[in-house]
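The structure appears below as structure tokens.
Every number in this text was worked out from the coordinates using simple rules, so none of it is lab data. Treat the numbers as computed from the prediction; the structure is a model and nothing was measured. Counting neighbours? That spans all protein chains shown, and the Cβs are built from the backbone with ideal geometry, glycine included.
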Amino acid sequence: MLLLLAILVGVLYGAAVYLLLRRNIFKLILGLIFLGHATNMLIFVAGGLTSGRPAFLRGVQDETIGMSDPLPQALILTAIVIGLGVTAFALTLVYRFYKVTKTVDFDELSENE
Amino acid sequence: MILVLPIILPLLFMVVLIFTRRWLAFQQGFSIFASIMLTFVSFLILTDVQQNGILAIQPGSWDAPFGITLVADLFSAIMMITTSFVAVIIMIYSPGFIDKERQTAGYYPLVFGLLMGVNGAFITGDLFNMYVWYEVMLTSSFVLIALGGSAEQLRGSIKYVTINFVASIFFVSAIGILYGQVGTLNMADLAAKMRTWDEPMYVNSALMLFFIAFSIKSALVPFFFWLPASYHTPPMAITALFAGTLTKVGVYTLFRFYSLFVVFDQQFWMYFILTLAGLTMFIGVLMAASQFDIRKILSFHIISQVGYMVMGLGIFTVGGIAGAIYFTVHNMLSKTNTFLAGGLVYQRSGSYDLKYLGGLYKAKPFLALLFFIPALSLAGIPPLPGFFGKFFLIKGGFEAQQYFITAVAILTGLFTLFSMVKIWNEAYWKKEPEEVKEKGKVHPSALLATSLLAAAVILMGIFAGPVIDVCLQAGEQIVNPEMYINAVLKR
């Protein structure tokens, strides 16, 4: 499972970098989305994989035994929300850029500089 | 509980300003009042930290390694006070510079959103919380840089958003890896655990990711290209606010993390950081010298000056760090001041391009003086604070026997003078060119703000003694991270 997830993270990062390097700005945004997801998976894997154990226990003497760590999930949740916000903003930005300049090409982006 | 105020107050101000969006005069007045209040609160924190040592509180009532901690040491207090002061100046400057559409489109609430993020990043003691504050700050800055939506601004914003998102990804993956290994997010706890850690590999890879993230955010070589490609696009007041605050948050974090987390391979990190600092200083100033747009020259300058701050970090002695802190404060003031003076030039002559400028010294000697003061300060001419900043850095460099980087710093100073003289000669001294853009009038509030800031720059030079004393104490706290760790963990 660990190996599988590690490969998945790698593939996601690879796809993200590939998309980030395209000239089309919309693909750039897709790249950002992939990058965010790759990182969320990375945190998940790096936090340690424990299956079938509860995150919260009540009434157990030593509470640390048999628990899985809920914190990485909490971090990912926050990161997803932030990523969503930034992506939404970036999409609006690209749409506005398209409306103003009638193009989504990066070469046009660096014109007049 | 005073430590909560730098975060809560901007939030409250932001809410008030959002609901009063239509009443422009109220917004302008209230923003000035609010930012003055923030400065006052930061000042109270500074005096408190000076008397009682490092302050740490647990807002959620969970004890240190578990809950989110807020910590203020002298360095964060100094940074907060400077940021709020720069905000006061920008708030006085904005009504006379930014057009009405932008001002009513949410400019003022966004500035306070930005300040909330910046203050949060300065006083948080929790790694993930710092990431969140960074995002608060960046989201506000994303909207600010795109506000108005001209084609040029949109071009700049797409680059700015992309690069900052990528930097944040580096940041948050480093947090994930570090948490997976060490199992804590509290910065003091993390630092304490690292000091007894026996597996440097994961820690070092996480640190390298951190380093990349913050060198992107503070525009170090080789990650600086986004800054001059985006900073010149919004109106000058916004650029000045970014120049004065945003990149410096990256520098602050580099200082904090280096002091707390670099426990393995210190020799490597020292030379690594010094090399990058030298390259940043030199390349930044060379690129500045080749530009013809005032905003671009000044943007490249930001990069060069960040090199100086990071040089102080690489030296890592009390003197070096104190010099770097003094230099950072001076830079936040002087840099903002040069940008604002550039804005005045634009109001007067209708252009930022040196080709269309000229004769301002003859026509408006006071405008020329307002640029002259911060420019000479940046170049490092004696009675002004830039001189003392560079002096303490170079002194620190010699004492730590880092002769090469010190030589680079001195050489860079020369080039800085050259590029400042270039703006001076072209915009102020040469004859007015035949072909000029439409002339305008300088707005009195913009003029007042720039004069106030110039006066602050001069005062910081005159009272260099007391200021450097505070910086020395702050440097002491940075060089001995045990003070920070003990204050948070109450040992």
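Observations on the model:
- Cα-based equivalent ellipsoid of the stretch B:1-117: semi-axis lengths in Å, sorted from largest, via gyration tensor: 30, 16, 10
- Segment B:Ile458..B:Phe264, full-extension length gain: 65.7 nm, with 0.36 nm per residue of separation and the alpha-carbon distance subtracted.
- Separation of the stretch B:392-439 and the stretch B:153-232, taken as the distance between their Cα centroids, equals 30 angstrom.
- For A:Lys102, a cut-off of 21 angstrom between C-alpha atoms picks up these lysines, skipping any fewer than 8 places away in its own chain: A:Lys27, B:Lys159.
- Residues of the stretch B:81-99 with amide N under 19 Å of the 7 Å Cα→Cβ point at B:Trp23: B:95
- Cα gyration tensor shape of the protein assembly as shown, rounded if a/c is under 1.5, else prolate or oblate by comparing a/b with b/c: prolate
- By the Stokes-Einstein formula, at 1.567 mPa s and 4 °C, the stretch A:1-101 with its Kirkwood radius over alpha-carbon pairs has D equal to 82 µm²/s.
- Taking amide H as placed 1.01 Å from N in the peptide plane, B:Asp126 has its amide H under 5 Å from the amide H of B:Thr69, B:Met187, each at least 5 places away in sequence or on another chain.
- Fully extending the segment from B:Thr196 to B:Glu432 would add 78.3 nm, taking 0.36 nm per residue of separation and subtracting the current Cα-Cα distance.
- Cβ-Cβ distance of B:Thr317 and B:Leu279, R₀ of 25 Å, FRET efficiency by 1/(1 + (r/R0)^6): the value works out to about 0.70.
- Anisotropy class of the stretch B:240-316 from Cα gyration tensor, a/c 1.5 cut: oblate
- In Hz, Karplus ³J(HN,Hα) per residue of the stretch B:427-432 (6.51, -1.76, 1.60; θ = phi - 60°; x = Gly, Pro): 7, 10, 9, 5, 5, 5
- Tensor-based shape of the stretch B:286-351 (alpha-carbon gyration tensor, a/c under 1.5 rounded, otherwise prolate or oblate): oblate
- Ranking of B:Leu114, A:Leu91, B:Leu55 by count of other Cβ atoms within 10 Å, fewest first: A:Leu91, B:Leu55, B:Leu114
- Reachable lysines from B:Lys362, criterion Cα separation under 25 angstrom, eight or more residues apart if same chain: B:Lys296, B:Lys335, B:Lys422, B:Lys430, B:Lys431, B:Lys437, B:Lys439, B:Lys441
- Rounded to the nearest 20 debye, the dipole magnitude of the stretch A:2-109 is 420 debye, with +1 charges on Lys and Arg beta carbons, -1 on Asp and Glu beta carbons, and the Cα centre as origin.
- Sparsely packed chymotrypsin sites (Phe, Trp or Tyr not before Pro) within the stretch B:158-261, loop by DSSP, other Cβ within 10 Å at most 16: B:Trp197, B:Phe225
- Remark: chain B carries a charge dipole of roughly 1260 debye about the Cα centre, counting +1 on each Lys and Arg Cβ and -1 on each Asp and Glu Cβ.
- One decimal place: the segment A:Leu5-A:Leu84 gains 26.2 nm when fully extended, by the rule 0.36 nm per residue minus the C-alpha distance.
- Across the stretch B:114-124, rounded Karplus estimates of 3J(HN,Hα) from the backbone phi angles (6.51 cos²θ - 1.76 cosθ + 1.60, θ = phi - 60°) give 4, 5, 4, x, 5, 4, x, 4, 6, 10, 6 Hz, Gly and Pro being marked x.
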